[in-house]
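In what follows, a structure is listed as structure tokens, so that the remarks can point back to it.
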Amino acid sequence: MKSIFKIFLISIFGFLVFILSMGVGSVYIPPLDTINILLYKIFDYNFLPIDNTVLAILWEIRFPRVLLSFICGAGLSVCGAIVQSILKNQLASSYTLGVSSGAALGAGLAILFNINIFGIFTTQVFGFFLGLITVIFAIALANKLDRGMQNNAIILTGMAFSMFTNAMLSIIMTFASEDIQSLVFWQMGSFAVKDKINLYILYPMIILGFLLIFFKNKEMDILTFGDEQATSLGINVKFLKIFLLVISSLLTGFIVSVVGVVAFIDLFTPHIARKVFGAKHKYVLGASLILGGSFMTLCDLVARTVASPIELPVSAITSTLGAPFFIYLYFNKGKKL
């Protein structure tokens with residue numbers, strides 16, 4: 001019951017963050033007006049008069065951006081919780097394993113060579129496959145160097161692959177003068193809405209991915225007791241790990257290919273969720289989803305307002321928070337999840 005109440009509280013927190021982010025900007029919109037317009041657009045009901053200018057600003061400009069930042073933060077955070085659970089390492093995340101960098105490299109290759117095999121979703125497909133290939137190579141190499149896979153070998157290997165893919169992306173940018181702005185976009189991260197068609201695909205994909213992962217929460221609970229114990233209880237450990245890894249890589253790759261590389265959000269929000277809710281995955285996954293979306297939305301709010309009219313890269317804000325947290329976790333690595 002306590003966990004359900006905590007979920008309720010962080011849901012209220014997420015709602016307040018969402019409303020705040022929609023109202024704050026060059027034109028301030030009070031929370032009641034924001035809620036009134038949302039009710040009007042969603043349920044065709046309003047309890048206050050509506051100004052058409054405010055309606056246009058809120059619904060056409062801010063709502064898509066805030067929704068995008070929230071759902072991307074939620075997706076990345078859930079992916080981070082999955083990776084940490086699979087590897088039993090609190091320093092693990094899609095970013096530190098190189099999935100994000102690999103996905104950005106895939107998107108960069110698609111842009112540089114003007115590849116259009118999969119139509120408007122080519123960058124997303126390339127982002128997914130390069131992100132998946134990066135993490136597979138990182139895990140395979142780390143497993144060869146240290147078969148325990150529960151220490152920092154996998155993290156250091158993943159970060160090495162991340163630096164390598166970033167170097168490749170920098171080389172690509174050198175030869176892509178015409179597409180330099182698009183490529184810089186992937187490295188900096190932004191929630192400025194570019195192509196709404198991609199967003200309409202991204203939203204249901206993240207929801208579907210979360211549901212597929214959530215249905216495995218009991219198996220993930222059993223997995224925390226060790227591979228041998230899970231196998232003795234009838235869990236196909238190898239299939240479960242591959243399934244979860246593919247889903248998390250798919251979501252991360254697709255998110256990165258749409259909004260660019262956003263660092264560390266998938267590292268610290270799952271950790272906070274575990275601190276609050278313990279190890280039970282049905283609560284950890286739900287809390288990671290809400291907290292990840294809320295923190296990403298707050299970071300985007302800071303990015304677009306703190307130096308207005310200049311917009312900061314959202315990854316700069318998340319890294320400012322995430323890098324010290326990574327160091328903290330590293331020096332407290334003896335404490336298990």
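Laid out as a table, the results:
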read-out: Single residue of the stretch 85-106 satisfying the filter (under 23 Å from Tyr203 (Cβ atoms) and of a type outside the set (Gly, Ala, Ser)) that is surrounded by the most Cβ atoms within 10 Å (Cβ to Cβ); value: Val99
read-out: Cβ-Cβ under 7 Å pairs, at least 6 apart or on other chains, the stretch 255-267 side over 23 Å from Phe121 (Cβ atoms), far side outside any loop (DSSP other than H, G, I, E, B) and hydroxyl-bearing (Ser, Thr, Tyr); value: Ala263/Ser315; Ala263/Thr318; Ala263/Ser319; Phe264/Thr318; Phe264/Ser319; Ile265/Ser77; Ile265/Thr318
read-out: Pairs with Cβ under 7 Å, 6+ apart, first in the stretch 36-53 and in contact (Cβ under 8 Å) with a residue 12 or more places away in the chain and closer than 16 Å to Gly23 by Cα, second surrounded by 15 or more Cβ atoms within 10 Å (Cβ to Cβ) and among the hydroxyl-bearing types (Ser, Thr, Tyr); value: Ile50/Tyr40
read-out: Identity of the residue in the stretch 214-237, of a type in the set (Asp, Glu) and surrounded by 12 or more Cβ atoms within 10 Å (Cβ to Cβ), that ends up farthest from the chain's Cα centre (by Cα); value: Asp227
read-out: Test: Thr96 is modelled with pLDDT under 75 and hydroxyl-bearing (Ser, Thr, Tyr); value: yes
read-out: Which numbered condition Ile42 misses (of (1) among the hydrophobic types (A, V, I, L, M, F, W, C); (2) assigned to a helix (DSSP H, G or I); (3) over 30 Å from Ala273 (Cβ atoms)); value: (3)
read-out: Positions within the stretch 220-267 being more than 24 Å from Leu312 (Cα to Cα) and hydroxyl-bearing (Ser, Thr, Tyr), in sequence order; value: Thr224, Thr231, Ser232, Ser248, Ser249
read-out: Criterion: aliphatic (A, V, I, L, M), surrounded by fewer than 24 Cβ atoms within 10 Å (Cβ to Cβ), modelled with pLDDT of 80 or more and part of a helix (DSSP H, G or I) - qualifying residue of Ile82, Ile50, Ile117, Ile12; value: Ile12
read-out: Every residue from the stretch 192-232 that is at pLDDT 85 or above and not in a helix (DSSP H, G or I); value: Phe215, Lys216
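The values are calculated or read from the model by the stated rules, or taken from the named source; none is laboratory data. All values reported here derive from a predicted model rather than from experimental measurement. So basically every Cβ, Gly included, is an ideal-geometry build from the backbone, and we count neighbours across all protein chains shown.
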